[in-house]
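Take a look at the structure set out below.
We did not get these values from a lab; they are worked out from the coordinates using the rules stated. Keep in mind it's a predicted model, so treat the numbers as computed, not measured. Cβ placement follows ideal geometry from the backbone for every residue including glycine, while neighbour counts extend to all protein chains displayed.
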Amino acid sequence: MTVGKITISKLFLYRHRFVIGYLILAVSFLTTLFVLPLIAPKGLSAQEMESAVTSSHTNLSSIGNGDLVDLPYRTLQKYSIAIFGLSNYSIKLPSILIGGILGILFVLLLNRWFKNNVAIIASILTILSSSFLYLSGSGTPLIMIVFWPTLLLWLGSKIQGKKSPKPLYSFIFAICLLLALFTPYMVYLVAFIVIYAIVHPHLRFTIKNLPKIPFVLISLIACGGIYLIISGFVKNKLAFWDLVFTENFSYTQFFNNISTAFLPFFSWSKTVESTFLSPLVGLASLALAIIGLISTTKGFFASRNSIASYFTLFSVLIAGLRPEYAILLILPLAILIAHGIRYTLNKWYDIFPKNPYARIFAILPISIFLGIIIISDLSHFVFGYRYNPAVANQFNNDLSLIQKLDNSTTLLIPSFTPEYNFYKLLEKPKLIKTNQPNIIISSDLPKTSSVTVASLKRYPKPSKKLQLQRIITSPKSSDSDRIYLYTVK
């Protein structure tokens, strides 16, 4: 491509434009990811507190007891809390790390299926979106419902496209299939993949031509997965039920769950009471996805198109069982957005097939378009989780306030409440020493006098032994009085 006397293809910025673009994306994404607990959401949700308690009880005997639900994530979160102590960051750290890997997987997957110019734009719109950032900053196993399908798709693309795939990829694929079984409803995806591999002639040929040692190892892994499922069902039917279905299922509840699940995604005009910030999908991204969907109708049965359709249907089905799992929709949306970008760029280049000025001129509107989407999405994410009452009130910053109390303060919490088990984790020793005070968690008043007592609510029993010192408040729209400090007479 030549403009005047300048050969654009020889310019440094042009030759390395995609490398520079991916580097800028990587720095922006990783920086945003690791400051997530500082920007939004401000605090912890009830689901995150429950997840921390469940993870703290995870141990090696969990497998033997059949307690397999989200075991890989629970193990990561358990050791994160054990190393760094109970804090907003340690609870969210597993999701942040997995979110970093997931972002890389999105880039690799889109780069494998689309050209560099399309892949980098679609990657930016996907991994810097409010939905992806929420998923990566939530201290719950919710991120695994997106992580496993994306990882399996990328590994599958590395295996399927070659006559003789590397045994290492096949081995890792089998390991990931096994680990995916610990995430609720992934058993259906695994079953579909296994059936598809048996029915598809190319994949069947690939499996037959694997070297003997990897084939034996993969077979052993598959048998191990089947054994875990059967033993889990025998030892803990309740946990097994959580992996494959839902209790008290009814068709009415199924359709109500679907409505509840997808309302935050596409609700632009009304407030939705949820930990999901509505809308989770911006209008510009949705428009690109619709363009991508329409543009792929002719090649519907091509692998990328059918995968997007299958995962959209799968997202709807599992959302009917558990509404928060509708977040899986961001995977097919990423694929459709890439299709929409490819179609739009191709149409632009078709108008000016031999005009280099038109190709250069397209950089300006594309850059402005991306900048507006990214800035508006980040602003929506940060300020929405802080100031939208319907969402902000789903989180509290009590843990941060408690960690600023004086040393040896007794925190009074009734033992029958969920908060008691959560804050009891503050007493557990941690491997890395921090400046956090030693907080004593108790459900009874201390017998000694002249000690400081804190309560998350005004002490319910009138007592002459307690003298109110001060009230610690939170900048929330409701329940701003968070901690009551007393002195025991």
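Neighbours of Gly139 by Cβ distance under 14 Å: Lys/Arg scored +1, Asp/Glu scored -1, total 0.
Cut-off 20 Å, label point 7 angstrom out along Cα-to-Cβ of Ile63: give me the residues of the stretch 138-158 whose amide nitrogen falls inside. Residues 148 qualify, since their backbone N sits under 20 Å from the label point. The C-alpha atoms of the chain define a longest principal axis, and helix 363-387 lies at about 20 degrees to it.
You can think of it this way: the chain between Ser219 and Leu468 has 83.0 nm of extra reach, that is 0.36 nm per residue less the Cα-Cα gap. Between 0 and 90 degrees, the angle of helix 303-321 with respect to the longest Cα principal axis of the chain falls at about 20 degrees. Taking all Cα pairs closer than 8 Å and separated by 6 or more residues, the relative contact order of the chain comes to 18 percent.
Near Ile483, the amide H atoms lying under 5 Å from its own belong to Ile472; only residues 5 or more places off or on other chains count, and H is placed 1.01 Å from N. Counting Lys +1, Arg +1, Asp -1, Glu -1, what net charge surrounds Ala239 among other residues with beta carbon under 14 Å of its beta carbon? That sum, taken over residues with Cβ under 14 Å, equals -1. Remark: the stretch 222-237, residue by residue, has Karplus-estimated 3J(HN,Hα) of 4, 5, x, x, 4, 5, 4, 5, 5, 5, x, 5, 5, 8, 8, 5 Hz, where x stands for each Gly or Pro and the curve is 6.51 cos²θ - 1.76 cosθ + 1.60 at θ = phi - 60°. Average 1/r across all pairs of distinct alpha carbons in the chain, invert it, and you get the Kirkwood radius: 25.2 Å.
Here the Karplus curve 6.51 cos²θ - 1.76 cosθ + 1.60, taken at θ = phi - 60°, turns the phi angles of the stretch 129-139 into couplings of 7, 5, 5, 5, 5, 4, 4, 6, x, 9, x Hz, with x standing for Gly and Pro.
Calculated mean residue ellipticity, 222 nm, the chain: -19500 deg cm²/dmol, from DSSP H runs (n ≥ 4) at -39500 (n - 2.57) each, averaged per residue and rounded to 500. Describe numerically, in nm with one decimal, the distance between label points set 7 Å from Cα along Cα→Cβ at Asp444 and at Val19. With each label point 7 Å from Cα toward Cβ, the separation is 6.9 nm.
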